[in-house]
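**Student:** Quick one: structure below, then a few questions.
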Amino acid sequence: MLLLSSYHQFLNKLHYANGLPALLIRLYLAPIFIMAGYSKLQFSDSSVSGVAQLFASPEIVEWFGNTDWGLGLPFPEVLANLAAWSEFLGGWLILIGLFTRLISIPLMFTMIIAATSVHGENGWFAITPTNPDISPAKVFVWLGFEQAEQSLENSIEADKRLEAMRSLLAENGHTEWLYETGSIVVLNNGIEFAATYFLLLLALFFIGAGRFTSMDYYLYNHWLKPRIKNNYQI
């Protein structure tokens with residue numbers, strides 16, 4: 001009973017730090033969305049100036065609308081700019097924790113579009129596992145999913161190709177320089193990252209931006225809540 005009581009006292013004290021997980025999620029997501037939106041806009045294009053910098057680049061607009069090599073979406077100019085500003089502005093709002101639940105909604109929508117339109121046909125993994133013995137897909141093989149067997153076979157084939165690339169580089173390249181900043185991988189470009197970001201945004205939507213660590217917390221407790229209380233007292 002003493003152990004159980006101590007455990008509950010510990011859990012009660014954790015209440016004061018329950019804003020930490022939301023803060024860490026926000027710090028993880030914010031730079032990703034800020035730079036995703038920034039790359040779609042024209043801020044870094046020295047040939048563009050003035051108001052034009054605030055709009056999505058022509059290349060992004062074309063990619064949104066092109067049916068042959070792009071997303072093939074209707075109204076590409078509108079959707080490209082909506083996506084760019086949802087990500088860029090939304091990333092900054094998430095960073096400071098302002099209107100977090102509201103901005104999570106369009107960002108989750110962009111992740112659904114990205115997963116289904118861009119990454120869906122590539123399966124789950126962003127980077128292909130090359131060791132089938134430790135691939136997460138093996139868990140689903142144990143659970144009886146036949147599709148997971150294909151993933152393990154793909155890992156074997158990817159490993160063969162990766163070894164071939166390493167051999168070619170060893171024979172013909174300056175490997176010490178080539179591998180200086182990291183090893184080579186097989187990029188699968190699946191939905192893994194988009195799904196991960198969606199789940200983190202979904203968590204923010206339900207738990208909010210975090211106690212003591214967000215503008216939402218202070219906005220509610222020091223501005224909105226007193227006004228609601230005063231209205232009830234009138």
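**Student:** Hey, does the range 40-49 have a residue that's touching a strand residue (DSSP E or B) at 6+ places or on another chain (Cβ under 9 Å) and touching a residue at least 40 places away in the same chain (Cβ under 8 Å)?
**Tutor:** yes
**Student:** For the range 121-234, give me every one of the helices (runs of 4 or more DSSP H) that falls completely inside it and has 3 or more residues that are surrounded by 12 or more Cβ atoms within 10 Å (Cβ to Cβ) and more than 23 Å from the chain's Cα centre (by Cα).
**Tutor:** Output list reads 137-142, 146-172, 215-219.
**Student:** Note down all Cβ pairs under 7 Å where the first residue falls in the range 89-115 and is within 16 Å of residue 40 (Cα to Cα) and β-branched (Val, Ile, Thr), the second is open to solvent by less than 50 Å² (accessible area, probe 1.4 Å) and part of a helix (DSSP H, G or I), and they're at least six residues apart or on different chains.
**Tutor:** Within 7 Å, the pairs are 110/83; 110/86; 110/87.
**Student:** I need the full set of residues from the range 8-36 which are among the small types (Gly, Ala, Ser) and either within 14 Å of residue 200 (Cα to Cα) or surrounded by fewer than 16 Cβ atoms within 10 Å (Cβ to Cβ) (or both), in order please.
**Tutor:** If the condition is that a residue be among the small types (Gly, Ala, Ser) and either within 14 Å of residue 200 (Cα to Cα) or surrounded by fewer than 16 Cβ atoms within 10 Å (Cβ to Cβ) (or both), then 17, 22, 30 are the ones that fit.
Table: residues versus (1) of a type in the set (Asp, Glu); (2) more than 15 Å from residue 107 (Cβ to Cβ); (3) at pLDDT below 95.
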position	(1), (2), (3)
8	no, yes, yes
15	no, yes, yes
24	no, yes, no
31	no, no, no
34	no, no, no
73	no, yes, yes
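**Student:** Right, next: Hey, does the range 79-87 have a residue that's more than 19 Å from the chain's Cα centre (by Cα), crowded, with 20+ Cβ neighbours inside 10 Å and assigned to a helix (DSSP H, G or I)?
**Tutor:** Scanning the range 79-87, I find no residue that is more than 19 Å from the chain's Cα centre (by Cα), crowded, with 20+ Cβ neighbours inside 10 Å and assigned to a helix (DSSP H, G or I), so the answer is no.
**Student:** Also, I was wondering about something else. Any idea which residue in the range 172-215 is nearest to residue 96 (Cα to Cα), counting only those that are hydroxyl-bearing (Ser, Thr, Tyr) and touching a helix residue (DSSP H, G or I) at 6+ places or on another chain (Cβ under 7 Å)?
**Tutor:** Filtering the range 172-215 for residues that are hydroxyl-bearing (Ser, Thr, Tyr) and touching a helix residue (DSSP H, G or I) at 6+ places or on another chain (Cβ under 7 Å), the one nearest to residue 96 (Cα to Cα) comes out as 214.
**Student:** Applying the selection to the range 42-56, what residues are in a helix (DSSP H, G or I) and open to solvent by less than 60 Å² (accessible area, probe 1.4 Å)?
**Tutor:** Listed by number, the residues that qualify are 50, 52, 53.
**Student:** If residue 59 meets every condition in (1) in contact (Cβ under 8 Å) with a residue 12 or more places away in the chain; (2) assigned to a helix (DSSP H, G or I) apart from one, which number is that one?
**Tutor:** (1)
**Student:** Out of 5, 39, which single residue is assigned to a helix (DSSP H, G or I), surrounded by 10 or more Cβ atoms within 10 Å (Cβ to Cβ) and not aliphatic (A, V, I, L, M)?
**Tutor:** 39
**Student:** If you don't mind, another one. So is residue 182 at positive phi and touching a Ser or Thr at 6+ places or on another chain (Cβ under 8 Å) or not?
**Tutor:** Against the criterion (at positive phi and touching a Ser or Thr at 6+ places or on another chain (Cβ under 8 Å)), residue 182 does not qualify.
**Student:** Another question, if that's okay. If I ask for residues that are surrounded by 13 or more Cβ atoms within 10 Å (Cβ to Cβ) and not aromatic (Phe, Trp, Tyr), which ones from the range 62-78 would you list? Outline the logic, then answer.
**Tutor:** Of the range 62-78, the ones surrounded by 13 or more Cβ atoms within 10 Å (Cβ to Cβ) are 62-66, 70-73, 76-78.
If the condition is that a residue be surrounded by 13 or more Cβ atoms within 10 Å (Cβ to Cβ) and not aromatic (Phe, Trp, Tyr), then 62, 65, 66, 70, 71, 72, 73, 76, 77, 78 are the ones that fit.
The values are calculated or read from the model by the stated rules, or taken from the named source; none is laboratory data. In this text the structure is predicted, and so the values were computed from the model without any measurement. Cβ sites come from the backbone with ideal geometry, for glycine too, and all protein chains shown count toward neighbours. Protein only, heavy atoms only, side chains kept; ligands, DNA and RNA dropped before computing areas. Shrake-Rupley method; radii C 1.70, N 1.55, O 1.52, S 1.80 Å.
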